[in-house]
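The values are calculated or read from the model by the stated rules, or taken from the named source; none is laboratory data. This one's a predicted model, so the numbers in the text were calculated from it and none came from an experiment. Cβ sites come from the backbone with ideal geometry, for glycine too, and all protein chains shown count toward neighbours.
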Amino acid sequence: MIRPRTPRGIQLGEFLAARRKAQRRVELGLPPGTRRGDIGLSREEVAALAGMSVSWYTWLEQGREINASRQVLAAVARVLQLNEAETEYVFALAVPGANSNQLEPAPTPDHLTRLVRALPFPAFVIAGDWTIVAWNARYEWLYESISAILDVDRNLLKLIYTDPKLKEMLPDWQRDSRRFLAEFRADSGVRLSSERHREVVQGLIEESPDFRAQWAEHSVERFKSRLRTFVHPQEGELVFEHHRLVPSDASDLHVIMYVPTSPLAISEETASVES
């Protein structure tokens, strides 16, 4: 019986293959390989170390629809030395028939828009595919281009890789872009094979060489609150605490907040702007 390939399975297979090829053999007690020395495992080696058949592991990497138990998947994760976020990502993708469809986003609730606009620091709201659906005057002060961008292009991931002005604002763009991309992959999970997510990813693969190279790294990372540094055109370097909240009554939306570590010099005129 030939097991069919699925978009979700292909996504899982590409991730497992990338991690397999990046493993250090010495950390698993294996001698150097004949081709790449200490880096990389064969499918046969992963299967043996995980206690599963080579055929089943091969089907996993080929994106075939199979019903692998959590015990087997946990063994693969152990061999590939996956962290907690990466392991959860594998579990989600490996569930047979997992729903990857995503409906068009519902309108942003008015009360959520009012909340964001009332915050005294930069804040905005993103949908599941990271489209920016609402923002406040403080965020427009920080990133003044936001209101001039067409709705179809107002996607946070797309702007990170295609807007030169935003790139100039990030003094460590390589680190920040990789972190965002790893969080996007973790957030999206099975939805990466939905039409909306595929459009975002495929568009960036075609448009941005940086995205194309970083996407191939298959990094997965949960969001963590952290310090973020921006270089503002007028105010110079600014440091914020970057936080993300999920509204209990709109869990498909995320509220992104940049809490300043020192007072912001926002003019009264700018602060009164309604986005």
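Scanning the range 1-29 for residues that are over 12 Å from Gln62 (Cα atoms) and touching a strand residue (DSSP E or B) at 6+ places or on another chain (Cβ under 9 Å) yields Lys21, Ala22, Gln23, Arg24, Arg25.
Quick check: is even one residue across the range 164-176 at pLDDT 95 or above, in contact with a His (Cβ under 8 Å, 6 or more places away or on another chain) and over 28 Å from Gln23 (Cβ atoms)? The answer is yes, given that some residue of the range 164-176 is at pLDDT 95 or above, in contact with a His (Cβ under 8 Å, 6 or more places away or on another chain) and over 28 Å from Gln23 (Cβ atoms). Those helices (runs of 4 or more DSSP H) of the range 1-95 in which at least 1 residues are surrounded by fewer than 19 Cβ atoms within 10 Å (Cβ to Cβ), touching a residue at least 24 places away in the same chain (Cβ under 8 Å) and among the β-branched types (Val, Ile, Thr), considering only elements entirely within it, cover 7-22.
Restricting Gly189, Gly203 to residues that are modelled with pLDDT of 95 or more and of a type in the set (Gly, Ala, Ser) narrows the list to Gly203.
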